[in-house]
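Here the structure is laid out as structure tokens; the discussion comes afterwards.
The values are calculated or read from the model by the stated rules, or taken from the named source; none is laboratory data. In this text, all values refer to a predicted model and were calculated from it rather than measured experimentally. We place every Cβ from the backbone using ideal geometry, glycine too, and count neighbours over all the protein chains shown. Protein only, heavy atoms only, side chains kept; ligands, DNA and RNA dropped before computing areas. Shrake-Rupley method; radii C 1.70, N 1.55, O 1.52, S 1.80 Å.
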Amino acid sequence: MPSEQSPLFYPDLALSKNAYVSSSAEYQQMYKKSIENPEEFWGEIARQFHWETPIDSDKFFRYNFDLTKGPIFNKWLDGATTNISYNLLDRNIRNGHGDKIAYYWEGNHPDDYSRLTYKKLLEEVCRFANVLKSLGVKKGDRVAIYMPMILEAVITLLACTRIGAVHSLVFAGFSSDSFAERITDCEARIIVTADGVWRGEKLLQLKSICDQAMAKCAQEGHNVQHCIVVSHLERVTSPSGSQRHSNRTPMTEGRDIWWQDVVPQASTSCYPEWMQAEDPLFMLYTSGSTGKPKGVLHTTAGYLLYAATTFKYVFDYKLNDVYWCTADIGWITGHSYVVYGPLANAATSVLFEGTPFYPDNDRFWAVIDKYKVTQFYTAPTAIRALMKFGEQIVKKHNLSTLKVMGSVGEPINPEAWLWYYKVVGHEKASIVDTFWQTETGGHVLTTLPGALPMKPGAAGFPFFGVQPVLLDENGKEIKGEGEGYLVFSRPWPGLMRTLYGSHDRYEVTYFSKFPGYYCTGDGARRDADGYLWVTGRVDDMLNVSGHLMSTAEIESVLTEHEHVSEAAVVAKPHPVKGECLYCFITLSEQGTYNEALLKELKTHVRERIGPFAQPDVIQNAPALPKTRSGKIMRRILRKVAVNDREVGDISTLAETGVVEQLFAMRPPNA
Ligand code: WTA
């Protein structure tokens, strides 16, 4: 466990002096205003954006978080109308940033790179918006996206917002089954993808995954009308050298359309669709503890305000800075902090297609050096993976431009924090350990880089407008020091509004455990200095390399195998991934526990969910530890996974002998 006694690390003086928020007192003052007078606090920010229909101060902010008082809702700026792409592009161009670079695109191969200004980005967005319109896409329609880290991904998202379509981007590491489930759930008729992408030395044939997904959708009675495909492989350098990839992916006549065949001739102007503040902006699926993914829905005005404001203050972004977030666009971090937050601030960002390990293990540091990156945002799993290669490889590059470095996705262990701070940031750049969720839309806990001293491993304090509370099992508030369920007692503009097509599930999942509070599903501890330390999930969720997944999801895929009658999955600590999957399987009589079966199961999980979900250990478990009511005691399985025989009280188990048997049967390599 990280030590609360750990020393405080103070922000660099020069950074503090120039920061938007330069002291703890200033943070406290702004925070107080955001809580006591949200209309004034967010109203001042909102006025920096364009509203086609003005904000009605009577309807600025309304909510109910208490199920006993009626349905849960959360509305901001209701009645005002705007358009996100207009605010991100046209508004910035009017403010003189038309020739500013919005993105430096850095390809998988270091020979491949390009750039896009705000003016050009607007033209491309309008072109693609016109193409979508010509295919019949209208306001409110969902568009499913399965794309790599290329400029067309950003263009696609913004083109959707231009015409009021709701984008539903699915991480291009999900399997065709997972993609199909998500397309069907949101009833998307249009898919946007690329033929493929190189990730390091690996070629991912994205279009063929889409073909399989579309075939599965058709079996379920859902027909995708069009699949727009960016021809990407031909224009990039393959790992083997400079030759281009000429193998063109098969296209289905009438359904599939090459991006390059339709976009260049479309018009570069497209009048924006004015959207209501509470109109849906996008949905993004996140794992649910029942196994079925949840379509988290974000709306227009509140999300814009929150992504913009968190980006500005948490990264302390100034106009000449170059910002780089390594997250894939398929996750919420990519949505809020590769696309919406940076563009709302007229930022210049790096969009990186590759991996930290290609062509060498110093790629991240080389890219920071190349673009003189000032703000860098990545995940603890990446930091831990890169630490292994030592300091020398980092020192080869000039990283002195770094001012702020973020961490996201899982708790960062103090060892990785210190390495990041000392070796990468030269004890000069501030670290912001940002705690948040797909559901929260943007950062909710962090320290601000120029204002607050840091503690390695602690997320810190609430962002403006956010009111965290720790509750005990009985729902009683823990004041001062202590550990409990991390909940929030009021909404901020970026909090999700509902789960797509399932408001009941939204209310049950997030608001039923503790009436009056939004429940994160994470635990946290408050130390004597008021810092919050996120301790991890308290529900049946796993976090592998920052990818959230549910035990139920993996278990149901394992039991799809004809010889697996029951499965239980727990998280085991992993030095790089944070957590890895340790699976217990009970076999049917016909089943034999052997290498072939293990291989089949691993492949099956990869195919059904995605490569990131592949189990590290699969243990044979003739029986699982269950209570008399039949509930699997995962607490015990977690002990078996780490070979810790201090299992605690097992008196509620129906069969206590099971525990000894499980320890005895641990695979030798586990
Ligand atoms: C975990 C990612 C500790 C947490 C933005 C949360 C973190 C889940 C942190 C959401 C952090 C994220 N410290 N834990 N800084 N950031 N988490 O929806 O368990 O992919 O509930 O959003 O990641 O994951 P999601």
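Go over the candidates 660, 589 one by one and state the one that is farther than 29 Å from residue 383 by Cβ and assigned to a loop (DSSP other than H, G, I, E, B). Step through it out loud before you land on a result.
Details: 660 fails: assigned to a loop (DSSP other than H, G, I, E, B).
None of the others qualify; the one that does is 589.
Out of segment 473-521, which residues are within 14 Å of the ligand (Cβ to nearest atom) and either open to solvent by less than 20 Å² (accessible area, probe 1.4 Å) or over 19 Å from residue 436 (Cα atoms) (or both)?
Across segment 473-521, the qualifying residues are 486, 487, 488, 494, 495, 496, 499, 510, 518, 519, 520, 521.
Among the numbered criteria (1) in a helix (DSSP H, G or I); (2) out of contact with any Gly (no Cβ under 9 Å at 6 or more places or on another chain), which one does residue 569 miss?
(1)
Among the residues of segment 530-537, is there at least one that is more than 22 Å from the chain's Cα centre (by Cα), part of a loop (DSSP other than H, G, I, E, B) and away from the ligand (no atom under 11 Å from the Cβ)?
Let us first name the residues in segment 530-537 that are more than 22 Å from the chain's Cα centre (by Cα), namely 530-531.
Subset that is part of a loop (DSSP other than H, G, I, E, B): 530-531.
Pick out the ones that are also away from the ligand (no atom under 11 Å from the Cβ) and you get 530-531.
There is at least one residue in segment 530-537 that is more than 22 Å from the chain's Cα centre (by Cα), part of a loop (DSSP other than H, G, I, E, B) and away from the ligand (no atom under 11 Å from the Cβ).
Are there any strands (runs of 3 or more DSSP E) wholly within segment 40-134 with 1 or more residues that are over 21 Å from residue 280 (Cβ atoms) and open to solvent by 40 Å² or more (accessible area, probe 1.4 Å), and if so which? Give the steps one after another, and end with the answer.
Numbers: elements: 61-64, 73-76, 101-106, 113-117.
Filter on segment 40-134 gives 101-106, 113-117.
If I ask for residues that are in a loop (DSSP other than H, G, I, E, B), touching a helix residue (DSSP H, G or I) at 6+ places or on another chain (Cβ under 8 Å) and of a type in the set (A, V, I, L, M), which ones from segment 611-648 would you list? It would help to see each step written out before you state the result.
Here is the first cut: in segment 611-648, the residues in a loop (DSSP other than H, G, I, E, B) are 614-616, 621-625, 628-631, 633, 642-648.
So of that shortlist, the ones also touching a helix residue (DSSP H, G or I) at 6+ places or on another chain (Cβ under 8 Å) come out as 614-615, 621-625, 643, 645-648.
621, 623, 624, 647, listed by residue number.
Output the qualifying pairs, or none if there are none: Cβ atoms under 6 angstrom, residues six or more apart or on different chains, first residue in segment 401-426 and away from the ligand (no atom under 16 Å from the Cβ), second residue of a type in the set (S, T, N, Q).
From segment 401-426, the pairs are 401/374; 403/374.
Can you tell me which residue is most open to solvent (accessible area, probe 1.4 Å) among those in segment 206-244 that are in a strand (DSSP E or B) and touching a Lys or Arg at 6+ places or on another chain (Cβ under 9 Å)?
Keep residues of segment 206-244 that are in a strand (DSSP E or B), which gives 226-230.
In the following step, the residues that additionally are touching a Lys or Arg at 6+ places or on another chain (Cβ under 9 Å) were identified as 226-227, 229.
Values: 226: 39, 227: 0, 229: 0 Å².
Top of the filtered list is 226.
What number of residues within segment 502-520 are in contact with a strand residue (DSSP E or B) (Cβ under 7 Å, 6 or more places away or on another chain), in contact (Cβ under 8 Å) with a residue 40 or more places away in the chain and not hydroxyl-bearing (Ser, Thr, Tyr)?
Adding up the residues that qualify gives 3.
Considering only segment 614-670, how many residues are among the β-branched types (Val, Ile, Thr) and over 17 Å from residue 581 (Cα atoms)?
Of the residues in segment 614-670, 7 are among the β-branched types (Val, Ile, Thr) and over 17 Å from residue 581 (Cα atoms).
Give the residue that is least open to solvent (accessible area, probe 1.4 Å), with candidates limited to residues of segment 427-472 that are acidic (Asp, Glu) and more than 12 Å from the ligand (Cβ to nearest atom). Spell out the reasoning first.
Here is the first cut: in segment 427-472, the ones acidic (Asp, Glu) are 427, 433, 439, 472.
From the residues that got through so far, the ones that are more than 12 Å from the ligand (Cβ to nearest atom) too are 427, 472.
Working: 427: 108, 472: 48 Å².
Residue satisfying both the conditions and the ranking: 472.
Only one of (1) farther than 30 Å from residue 223 by Cα; (2) touching a Phe, Trp or Tyr at 6+ places or on another chain (Cβ under 7 Å) fails for residue 152. Which number is that?
(1)
Residue-by-condition table, conditions (1) closer than 26 Å to residue 520 by Cβ; (2) aromatic (Phe, Trp, Tyr); (3) touching a Cys at 6+ places or on another chain (Cβ under 6 Å):
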position	(1), (2), (3)
552	yes, no, no
579	yes, no, no
586	no, no, no
589	no, no, no
593	no, yes, no
613	yes, no, no
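When you check residue 78 against the structure, is it within 30 Å of residue 60 (Cβ to Cβ), more than 23 Å from the chain's Cα centre (by Cα) and acidic (Asp, Glu), yes or no?
Against the criterion (within 30 Å of residue 60 (Cβ to Cβ), more than 23 Å from the chain's Cα centre (by Cα) and acidic (Asp, Glu)), residue 78 qualifies.
Among the residues of segment 542-559, what is the count of those that are near the ligand (Cβ under 10 Å from one of its atoms) and among the polar types (S, T, N, Q)?
Total meeting the criteria: 1.
Could you grab the pairs with beta carbons closer than 6 Å, sequence gap of 6+ or different chains, first residue in segment 164-177 and under 15 Å from residue 188 (Cα atoms) and assigned to a strand (DSSP E or B), second one at pLDDT 95 or above and open to solvent by 10 Å² or more (accessible area, probe 1.4 Å)?
Close Cβ pairs (under 6 Å, with a partner that is at pLDDT 95 or above and open to solvent by 10 Å² or more (accessible area, probe 1.4 Å)) amount to 166/142; 166/280; 168/142.
Given the condition modelled with pLDDT under 95, over 18 Å from residue 564 (Cβ atoms) and either touching a strand residue (DSSP E or B) at 6+ places or on another chain (Cβ under 9 Å) or of a type in the set (Lys, Arg) (or both), answer yes or no: does some residue in segment 600-608 qualify?
Within segment 600-608, not a single residue is modelled with pLDDT under 95, over 18 Å from residue 564 (Cβ atoms) and either touching a strand residue (DSSP E or B) at 6+ places or on another chain (Cβ under 9 Å) or of a type in the set (Lys, Arg) (or both).
Test residue 586 against the stated conditions and say whether it is open to solvent by 40 Å² or more (accessible area, probe 1.4 Å) and either of a type in the set (Val, Ile, Thr) or within 16 Å of the ligand (Cβ to nearest atom) (or both). Spell out the reasoning first.
Details: open to solvent by 40 Å² or more (accessible area, probe 1.4 Å): no; either of a type in the set (Val, Ile, Thr) or within 16 Å of the ligand (Cβ to nearest atom) (or both): yes.
Judged against the criteria, residue 586 is not a match.
Listed residues 282, 315; which is of a type in the set (A, V, I, L, M, F, W, C) and in contact with a Cys (Cβ under 8 Å, 6 or more places away or on another chain)?
Numbers: 315 fails: in contact with a Cys (Cβ under 8 Å, 6 or more places away or on another chain).
After applying the criteria, what remains is 282.
Looking at (1) over 30 Å from residue 503 (Cα atoms); (2) in contact with a Leu (Cβ under 7 Å, 6 or more places away or on another chain), which one does residue 445 not meet, given that it meets all the others?
Only one criterion in (1) over 30 Å from residue 503 (Cα atoms); (2) in contact with a Leu (Cβ under 7 Å, 6 or more places away or on another chain) is unmet by residue 445, namely (1).
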